[in-house]
Amino acid sequence: MANNGRKAETVTLTIDGQEVTVPRGTSLLHAAESIGTEVPHYCYHPGLSAPAQCRICLVEVEGAPKLQPSCVTMAADGQVVHTDSPAAKRMRQGVLEFYLVNHPLDCPICDMSGECKLQDYVFDEGREQGRGREPKRVFGRDDFGGDVLYYGDRCVMCTRCVRFMDEVARDSRLTVVERGSRAVIDTFFDRGLDGAAFAGNVVDICPVGALVSKDFLHKARAWDLDHTPSICPNCSHGCNIELHTRDNLVQRLKPRENQEVNGHWMCDYGRANYEWLNRPGRLEAPAVGRGSDRRAADWREALELLFARLQAAEGDVALVGSATCSNEALAGLAALGEEVPGGAAGRVFRSPRAPDEVPLPGFPLLVRRRDLVPNSDGAGLLGFERAGNDDGQGGLEDVAEHGGVVIVLGDELADQGEDFGANASLFVYLGTFDSAAARNADFVLPITTFAEEEGTFVNAQGRVQRFQQGLRPPESARPAWLVLGALVAAFRGEKTPDSAPEAFARLAAAHPAFEGLTWEAVGDGGAALVAEAAHG
């Protein structure tokens, strides 16, 4: 069949005796990865240019006069490639020995120990003993500014950090100085990395322990951390991340690749703001009664009493949500407002906003958004209107004086006084922490944070994204979608949703913007809303 002069879209070659077909333009390194063969590499990173300078990814290609760097050699029809031939192994072993000539043997105190590529490669196929007899060079530690420390002795000069700042951040603050064994990475005079909005990514992409985070320094061993897929909670862009946890505390946030959202990267603002997830003093048990009449109750008693009060409630319902809550929780709050006899008086949420947005020039999809919460777009789609100022304060004057039912979800009301809700015929507070403004609440119900439950957010691109549970909640705290879902189900005579997927299914059935989406379709990478519904 004629191909009209166009080149074939795929090529077929043989790698280590196995035939493989890949798209034209695929490197030998990626072609090998497609059949489960990892070719060691340092300087290559999929989000950066490929300088082919580390020389550890050399492979043997039959017919080629010498070993070829697999990161920049493209697969071609008929090639026969050997990644594990004696020549390739001998070359890798020699390169590893060269790297170890001056590399300190400080794995026991290095933050990268357990996830270090040099450690892995030497263990797999390095020499059992070094042959060096001369003292190792000593550079010591350098503070690059921001959250980044540099250990020059550990550096393998892959230049990933320099290329990231040049090509992706477009903020050339790092460079290689000196030559040969004296070469180190350095900053330009006193500029450093202070104020660079995305500089923390150089720590993520360093393949050894040369660049480390001050915040994470000596905090935990890599193999002690549990990794949970999640969504960054610190702006509405919704970067895909991993929660790295130990002892039921978040130890750090790391970007998780999603080329439709954040690529391989995340901003330093998002990466640094996680300690609030470890804050002590959580609400741990339901309570009923106002002020001095408040007493502890179990969930069954609290919900039964609340349901009875809602059935008999007088006046309309003012709802205060939070854009830190999941779509499932906000949909449950909206549904409850519709079931209470008096009807809805309004739905509002508050959130802090930055003065401007901060884009990543070399990956324009990624922007540190103005909305410094993860689900402002989801809240809008579910009928909640923004209130208050850009500090996330004010805007609740009418709610504070409301004489009907007031239900607050996730907003700590930190700027509100002790008289908040005093006039309400029924005041319900669902939160993670108690507050002075909740003293007039008839019901105080402890709920989980996003890190302690499953759920979804909608980001600024109109993309629904899932997060998973990475922390154990306080003993009696429950997901807000479960608490609100139980009350809605009681009004409707339905079964309470018993999982986040079921709560999402009810949300999708009730709100046109989510129509047609399923939990499975959202998956680990997210799914876009129908444009007309999302912006209608």
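The values are calculated or read from the model by the stated rules, or taken from the named source; none is laboratory data. A quick note: this is a predicted structure, and the numbers were derived from the prediction, not measured. In this analysis, Cβ positions are derived from the backbone assuming ideal geometry, glycine residues included, and neighbour counts consider all displayed protein chains. The area values use the complete protein model at the heavy-atom level, side chains included, leaving out ligands, DNA and RNA. Shrake-Rupley method; radii C 1.70, N 1.55, O 1.52, S 1.80 Å.
Per-structure values
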quantity	calculated
Among (1) surrounded by fewer than 17 Cβ atoms within 10 Å (Cβ to Cβ); (2) within 19 Å of LEU409 (Cα to Cα), the one test that PHE457 misses	(1)
Verdict on GLU401 being out of contact with any helix residue (DSSP H, G or I) (no Cβ under 6 Å at 6 or more places or on another chain), surrounded by fewer than 23 Cβ atoms within 10 Å (Cβ to Cβ), over 25 Å from GLU328 (Cα atoms) and of a type outside the set (S, T, N, Q)	yes
Test for GLY195: is it surrounded by 15 or more Cβ atoms within 10 Å (Cβ to Cβ), of a type outside the set (A, V, I, L, M, F, W, C) and either more than 22 Å from ALA50 (Cβ to Cβ) or modelled with pLDDT under 95 (or both)	no
Verdict on GLY130 being within 29 Å of the chain's Cα centre (by Cα), among the small types (Gly, Ala, Ser) and open to solvent by 40 Å² or more (accessible area, probe 1.4 Å)	no
In region 427-452, residue farthest from ARG252 (Cα to Cα) [restricted to those that are surrounded by fewer than 22 Cβ atoms within 10 Å (Cβ to Cβ) and over 28 Å from the mean Cα position of the chain (by Cα)]	ASN440
Filtered residues of region 65-75 (kept if more than 24 Å from VAL184 (Cα to Cα) and surrounded by 13 or more Cβ atoms within 10 Å (Cβ to Cβ))	LEU67, GLN68, SER70, VAL72, THR73, MET74, ALA75
Any hit, region 183-191, residues being out of contact with any Ser or Thr (no Cβ under 9 Å at 6 or more places or on another chain) and in a helix (DSSP H, G or I)	no
GLU115 at pLDDT below 90 and either assigned by TED's automatic domain parsing to the domain that holds THR14 or not small (Gly, Ala, Ser) (or both)	no
Every pair of residues 6+ apart whose Cβ atoms lie under 7 Å, when the first sits in region 163-180 and is farther than 18 Å from GLY195 by Cα while the second is open to solvent by less than 60 Å² (accessible area, probe 1.4 Å) and in a strand (DSSP E or B)	VAL176/ILE185; VAL177/VAL184; VAL177/ASP186; GLU178/VAL184
Strands (runs of 3 or more DSSP E) lying entirely in region 247-365 (those with 2 or more residues that are of a type in the set (Gly, Ala, Ser) and surrounded by fewer than 20 Cβ atoms within 10 Å (Cβ to Cβ))	344-350
Some residue of region 96-105 being open to solvent by 40 Å² or more (accessible area, probe 1.4 Å) and either of a type in the set (Asp, Glu) or touching an Asp or Glu at 6+ places or on another chain (Cβ under 7 Å) (or both)	yes
Pair list, Cβ < 7 Å and 6+ apart or interchain, from region 336-349 residues that are over 16 Å from GLY403 (Cβ atoms) to residues that are surrounded by fewer than 18 Cβ atoms within 10 Å (Cβ to Cβ) and among the acidic types (Asp, Glu)	ARG347/GLU385; VAL348/GLU385
Residue match in region 28-36 (condition: open to solvent by less than 30 Å² (accessible area, probe 1.4 Å), outside any loop (DSSP other than H, G, I, E, B) and among the charged types (D, E, K, R))	no
Residue among ALA302, ALA313, ALA345 that is more than 19 Å from the chain's Cα centre (by Cα) and within 20 Å of PRO479 (Cα to Cα)	ALA302
Qualifying residue in region 105-117 (condition: polar (S, T, N, Q) and more than 35 Å from the chain's Cα centre (by Cα))	no
Boolean, PHE216 is in a loop (DSSP other than H, G, I, E, B), within 27 Å of GLU275 (Cα to Cα), out of contact with any Ser or Thr (no Cβ under 7 Å at 6 or more places or on another chain) and not hydroxyl-bearing (Ser, Thr, Tyr)	yes
Residue in region 514-526 that is in a loop (DSSP other than H, G, I, E, B) and crowded, with 19+ Cβ neighbours inside 10 Å present	yes
Residue list for region 288-323, filter: closer than 22 Å to GLU397 by Cβ and of a type in the set (Ser, Thr, Tyr)	SER322
Residue in region 451-469 that is modelled with pLDDT of 95 or more and closer than 25 Å to VAL288 by Cβ present	yes
Within region 133-172, considering residues that are more than 30 Å from TYR269 (Cβ to Cβ) and touching a His at 6+ places or on another chain (Cβ under 8 Å), the one surrounded by the most Cβ atoms within 10 Å (Cβ to Cβ)	ASP153
